[in-house]
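The values are calculated or read from the model by the stated rules, or taken from the named source; none is laboratory data. Fair warning: this is a prediction, and the values are worked out from it, not measured in the lab. Heads up, the Cβs are rebuilt from the backbone with ideal geometry, glycines too, and the neighbour counts pull from every protein chain shown.
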């Protein structure tokens, strides 16, 4: 099980399925940080403070942040995929493959899940 922090652009249906798969997922909405224009640096800083890996569709900016400083609890960047359950299952598989997420950038891309 991973401790994840879903960026505000992340689909809630995927969050719900990740929870069913056993992951502890906290959303920006649940922390009162959604719709406030919180900068990506602050999102990553908060996730680091609470020991959670960020999951986001905002690939470009979070890849840049990882390159600047990899002292975080992990970042999972995803390609937009409206097949929300399939996306959750791909994230789950990527987490299992990665092992310890600390300091890692994990990419989850759209594709045939079979």
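Of all residues in the stretch 72-83 being modelled with pLDDT of 95 or more and part of a loop (DSSP other than H, G, I, E, B), which is nearest to the chain's Cα centre (by Cα)? Walk me through how you get there before you give the answer.
If we filter the stretch 72-83 for residues that are modelled with pLDDT of 95 or more, which is where we start, we get 72-78.
Restricting the remaining residues to those that are part of a loop (DSSP other than H, G, I, E, B) gives 72-74.
Numbers: 72: 12, 73: 11, 74: 8 Å.
It comes out as 74.
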Residues of the stretch 60-92 satisfying the condition of being exposed (fewer than 13 other Cβ atoms within 10 Å of the Cβ) and more than 16 Å from residue 16 (Cα to Cα): 60, 64, 67, 68, 69, 71, 80
For residue 36, are the conditions met, namely being more than 16 Å from residue 109 (Cα to Cα) and outside any helix (DSSP H, G or I)? yes
Which ones in the stretch 84-110 are outside any helix (DSSP H, G or I) and either within 13 Å of the chain's Cα centre (by Cα) or in contact (Cβ under 8 Å) with a residue 12 or more places away in the chain (or both)? 101, 102, 103, 104, 105, 106, 107, 108, 109, 110
Hey, any hits in the stretch 8-21 for a residue that's out of contact with any strand residue (DSSP E or B) (no Cβ under 6 Å at 6 or more places or on another chain), closer than 16 Å to residue 106 by Cβ, in a loop (DSSP other than H, G, I, E, B) and modelled with pLDDT of 95 or more? yes
Out of everything in the stretch 20-36 that is within 16 Å of residue 90 (Cβ to Cβ) and surrounded by 14 or more Cβ atoms within 10 Å (Cβ to Cβ), what residue ends up being nearest to the chain's Cα centre (by Cα)? 25
So is residue 3 under 13 Å from the mean Cα position of the chain (by Cα), surrounded by fewer than 17 Cβ atoms within 10 Å (Cβ to Cβ) and in contact (Cβ under 8 Å) with a residue 60 or more places away in the chain or not? yes
Which of (1) surrounded by 12 or more Cβ atoms within 10 Å (Cβ to Cβ); (2) free of Cβ contacts under 8 Å to residues at least 24 places away in the same chain does residue 57 not meet, given it meets every other one? (2)
Quick one: in the stretch 44-54, of everything that is within 12 Å of residue 4 (Cα to Cα) and free of Cβ contacts under 8 Å to residues at least 40 places away in the same chain, which residue is nearest to the chain's Cα centre (by Cα)? 44
For residue 67, only one of the following conditions fails: (1) over 19 Å from residue 3 (Cα atoms); (2) assigned to a loop (DSSP other than H, G, I, E, B). What is its number? (2)
